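The values are calculated or read from the model by the stated rules, or taken from the named source; none is laboratory data. Predicted, not measured: the structure shown is a model, and the values here were computed from it. Counting neighbours? That spans all protein chains shown, and the Cβs are built from the backbone with ideal geometry, glycine included.
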Amino acid sequence: MRAKLHYRWYTPYLFLLPGLALYVLWMIYPLGYEFYISFFDWKIMPGQTSEFIGWANYQRVLDDKNFWLALENTVRYTAVTVIGQMVIGLGLAVMVHRVFIAKRLFRGIYYLPVVTSWVVVSFLFQFIFSAHRGGLVNYTLIDVLHMLDEPVNWIGETNTAWIIIYSLGIWKGMGWTMVIFLAALQGIPPELYESAAIDGAGEIGQFRFITLPMIRRTTLFILVALVIGGFQVFISVYLITGGGPLHRTEVVLSYMYDRSFDRLWFGYGAAISYILAAIVVLVSFGQLRLFGQSDDADY
Amino acid sequence: MKAKLLVLVLIAALALPAFAHAQDDVVTVEFWHTYNEVSPENEMLVNTLIPMFEAEHPNIKVESVPFPYGEFRQTILTALAGGEGPDLARLDIIWSPEFASLGVLLPLEDVMPDYADYADAVFAGPLSTNVYEGQHYGLPLDTNTRVFMYNSTVYEQAGIAEPPATIDDLVAQCDAVTALGEDYYIFSDGGTYGWAVLPWIWSFGGSLTDGAMTTSTGYVNGEETVAAYEFLKDMIDSGCFSPSFLGGGMDSGTGYFTNLFASIMDGPWMFPIAEAQYPDFTIQTALLPAGVGGSISVVGGENIALFVDSETEAALEFLRFTQSDEYQLKMSEVGQLTVKPALLESDYFQNHSYYGTFLQQLKTARARLPHPAWSQIEEVLTDAGQLILRGEASAQEALDMAAEEIDGLLAEYE
Amino acid sequence: MTVNNRSQRMFHWTILALLTLGAVIAMAPMLYMVATAFKPAAYVPEFPPKFIPDNPTLENFRTAFNSRNFDTALFNSAKVAVSTALLVTTLSSMMAYAFARFEFPGKTLLFYTILAMMMVPTMMLIIPQFILASKLELINSHTGLVLVYTAGGLAFNMFLLRGFFESLPYELEEAALIDGANQFVIFWRIMLPLARPALSTVGVFSFLGAWDEYIWALTVLTDPAKRTLPIAIQNFRGTRATDWGLVFAASLTAVVPTVLLFVFFQRYFVQGITTGAVKK
């Protein structure tokens, strides 16, 4: 039973006010304002007048084949990197959990890319995937592993450019999933494994029937968070391929940014943003619905 | 007592800025440009020319703000949108019509009584890039073009004596260069944007639109333009031209300076770059190899323009200064070719070590479309080029689609 | 657990070997970046690639610090990141306390609004935020950066701290109330000191977020003297050829402080990212 603290009616609002004011001004208000902008042929230069055009921006976005390609790319990026991060992250977590020395060292090493700036790692991956034979990846594939005969111009072709972006996404994010899975694994009571071992369950059986069910809620959290993150992919694409060649590596946010700040089509960009946000919110609720029924998913 | 002190402090605080202002009637003019930040041209501007101007105009201070070329257009547009734009800027000639159409530039005829005197002193071609709806929104600052640059080390290794006079000659020299090794190419460029492909299109006798810029059908998908693209595709497929046309790969300049690429096409700024980064290298120049349309290069260069809400009078003074013989000559020393024909007769240019080729090439060079939608048209063109060079569409198919899109863009501005 | 037989010993050594191999692969790009930062004039990757440069040099660092306002950018980033961290910590802890300890009309609605907003991609708001910033004359100003970074960081950190406050017992506050302290004194004197570990987590996360933020800074800062580190690093990439040694010398300068923070605060990092994800 909670004790009741006494306070004046306005006290909670005083605590909320400074933060909330900032939050409303820079987050809530822009969200509404953007909706408004999306109905205009919005002119950004001082002195120009914006014209109300109804749903025309949305219509144009939906008719724009580059937008659909960008959306498809974003979905594909999300699928590939979310699966990659979850599988590798869980694998690493299971191993780090079981390793008998240097636990913290391994955790630290795998987590390091997570705290490194996106701008820096984007340039770094561009460099190691250089088209030259001396590029780290080309060199490894040709001269160390003998898997290729000649250097690949990674950034020049759509498919190979995606390999750079996908691998960066997975490499940078797997440490995050690992740390969370690891914490979840550490929360499983060891007695469960001991009694399972007595019942004759092997490593695989224990993983399947104890570990996976016990980390179910954590897995759902990671899934939802990574999918939201995947849809926000931007810096790596913007800096490594710039959407090229031929807009084929464009993702929704890079396309939105380009149309808005390069073409100055702010109304159009606002409509793209709204469509993306709607998709992300729907997908997130969909996941919670689909995978979270039995849980009191309170986030 | 305390209250009195407070009042005094308040009055002082309010009055101080007023005093400061009274003493300080110097006007600061912000000049944004893309003179390469670590380069002789920027040093010349900051260490020689601006001090010279400020000595003559003690009441004007010029603040030079350099930007990398790639992000300049977007930075300046967002700055203007946020009311934080410059007073003056050095704009790539292809941006002038777009900026004018956005209403951010001042028409010089209206604000500069002596405008005609300055307009008469410069080349008509570069001047025309400042026109939007019949008014001039700037003056040319420098001009340039791309010429053929060849690498004498590679030529020697391949046993090539002379740079090619025609495109056919260039093709004939290819095998000797590619035989040197897998990283060797006879020619390289960095993409399919206008600056790279237009010289080929024009030299093949093609073009993008009619003269009045009303339609591109029959021009951008005309027989000659198609032939130019087919030629480029053949050359890349046969390993003569570097695949860097497709993006990525080795930068053309780097390949040229490191004796891998036998030739490139580039502008006069390459000389200061070579001097700084490859001091042992000597750039050799020639006219572009000629096709059926002649040896036609592309005109580049910059304009200087004044922005709405600028410190107009002070900014105009600096603009006039950039048109002076002194400014033009000093900048020509660091790779920025003058826009004043009168100066070209001077001994300096007549005996110059490398401007000769550029001046000759400029006689036939053409400008990219001075159209407010150029950035978008160029995107269409770049994409069509990529489709063709990657073999995903025939030149005719890709250019037919491009013609349709470009016609649409042109129509929006009718 | 004791390693009691041969096959189990094998199992453990296999895990160690796999983890080591993985760690080498995961670290290779970082190590190669460090190596390149000490190589002279790295326009093209050398063949074969070397993780230990032949003639290591500090030249790149010297050039980096002497050009393009890099030292200013370092200072700007520090200023912006520290301000953001302080502001986020203060404001989000106040909000978190309100949600953890008080009942008030509108609480549920507000709570779920903020929760739902966390699903919205932050970058999608860049257009209206940009227009708002230009109306408030915050283009080209560090204040504009700090305010937007703070607003963007409030929600996540508020939830993190709310969980922490909720886990604290009520007894201390009740005792203080009886002694006549008001809610602000209680918050300031009792709750904040207790929350120090959680506040460190919030502070470190907010600092890092602001230190690395790229796109808002790229969009609103036009004056080169106001730029922050990510933009400064980007500017070392040439329009034509890039001296990667220089790029990575600048990058390393930006990354080292974040790595140090991470090493010293590893515990808080783990706490911060696992709170809410793992039910204890």
Inset, instruction - Name the one entry in C:100, C:81, C:96 that is part of a helix (DSSP H, G or I), within 14 Å of chain A (Cβ to nearest Cβ), among the small types (Gly, Ala, Ser) and closer than 16 Å to residue C:253 by Cβ. - result: C:81
Inset, instruction - Of the conditions (1) modelled with pLDDT of 95 or more; (2) surrounded by 17 or more Cβ atoms within 10 Å (Cβ to Cβ); (3) closer than 24 Å to residue B:237 by Cβ, residue B:169 clears all except one; give me its number. - result: (2)
Inset, instruction - Output yes when any residue across the range A:61-70 is without any contact (Cβ under 8 Å) to a residue 12 or more places away in the chain, part of a helix (DSSP H, G or I) and β-branched (Val, Ile, Thr), and no when none is. - result: no
Legend entry - Unmet requirement for residue B:246, which otherwise passes all of (1) within 14 Å of another protein chain (Cβ to nearest Cβ); (2) farther than 20 Å from residue A:133 by Cα; (3) not basic (Lys, Arg): (2)
Inset, instruction - Could you tell me whether residue C:134 is within 7 Å of another protein chain (Cβ to nearest Cβ) and either under 16 Å from residue C:197 (Cα atoms) or in contact with a Ser or Thr (Cβ under 9 Å, 6 or more places away or on another chain) (or both)? - result: yes
Inset, instruction - Mind listing just one residue for me: the one in the range A:217-269 that is in a helix (DSSP H, G or I) and touching a strand residue (DSSP E or B) at 6+ places or on another chain (Cβ under 9 Å) and, of those, farthest from residue B:79 (Cα to Cα)? - result: A:268
Inset, instruction - Give just the number: which of (1) more than 22 Å from residue A:35 (Cβ to Cβ); (2) free of Cβ contacts under 8 Å to residues at least 60 places away in the same chain does residue A:207 not satisfy? - result: (2)
Inset, instruction - Would you please name the residue that is surrounded by the most Cβ atoms within 10 Å (Cβ to Cβ), looking only at residues in the range B:344-367 that are outside any loop (DSSP other than H, G, I, E, B) and among the aliphatic types (A, V, I, L, M)? - result: B:362
Legend entry - Filter result for residue A:51 (within 30 Å of residue A:241 (Cβ to Cβ), away from every other protein chain (no Cβ under 13 Å), of a type in the set (D, E, K, R) and surrounded by fewer than 16 Cβ atoms within 10 Å (Cβ to Cβ)): no
Legend entry - Residue that is nearest to residue B:112 (Cα to Cα) [pool: residues in the range B:130-156 that are free of Cβ contacts under 8 Å to residues at least 60 places away in the same chain and either surrounded by fewer than 20 Cβ atoms within 10 Å (Cβ to Cβ) or of a type in the set (Val, Ile, Thr) (or both)]: B:135
Inset, instruction - Could you please find all residues in the range C:103-119 being at the interface with chain A (Cβ under 9 Å from one of its Cβ atoms) and within 24 Å of residue A:229 (Cα to Cα)? - result: C:110, C:113, C:114, C:115, C:116, C:117, C:118, C:119
Legend entry - Any hit, the range C:43-57, residues being within 24 Å of residue C:234 (Cα to Cα), under 30 Å from the mean Cα position of the chain (by Cα) and of a type in the set (A, V, I, L, M): no
Legend entry - the range A:232-286 - residue that is within 7 Å of chain C (Cβ to nearest Cβ) and among the β-branched types (Val, Ile, Thr) and, of those, nearest to residue A:157 (Cα to Cα): A:235
Legend entry - Total residues in the range C:137-181, condition within 14 Å of chain B (Cβ to nearest Cβ) and outside any helix (DSSP H, G or I): 5
Inset, instruction - Check the range B:228-243 and report whether any residue there is surrounded by fewer than 22 Cβ atoms within 10 Å (Cβ to Cβ), over 30 Å from residue A:162 (Cα atoms) and of a type in the set (Ser, Thr, Tyr). - result: no
Inset, instruction - Could you look through the range B:76-97, keep only residues that are within 14 Å of another protein chain (Cβ to nearest Cβ) and outside any loop (DSSP other than H, G, I, E, B), and pick out the one that is surrounded by the fewest Cβ atoms within 10 Å (Cβ to Cβ)? - result: B:92
Inset, instruction - Would you tally the residues in the range B:268-292 being part of a loop (DSSP other than H, G, I, E, B) and either among the hydrophobic types (A, V, I, L, M, F, W, C) or crowded, with 21+ Cβ neighbours inside 10 Å (or both)? - result: 8
Legend entry - From B:170, B:198, residue being out of contact with any Lys or Arg (no Cβ under 9 Å at 6 or more places or on another chain) and closer than 23 Å to residue B:286 by Cβ: B:170
Inset, instruction - Looking for whichever is facing another protein chain (nearest Cβ under 8 Å) and either of a type in the set (Ser, Thr, Tyr) or not in a helix (DSSP H, G or I) (or both) here; the options are A:95, A:45. Which one fits? - result: A:45
Inset, instruction - Given the conditions (1) buried (at least 21 other Cβ atoms within 10 Å of the Cβ); (2) more than 13 Å from chain C (Cβ to nearest Cβ); (3) more than 30 Å from residue B:390 (Cα to Cα), report the number of the one that residue A:81 does not fulfil. - result: (3)
Legend entry - Criterion (in a helix (DSSP H, G or I), surrounded by 17 or more Cβ atoms within 10 Å (Cβ to Cβ) and within 14 Å of chain A (Cβ to nearest Cβ)) met by exactly one of B:119, B:100: B:100
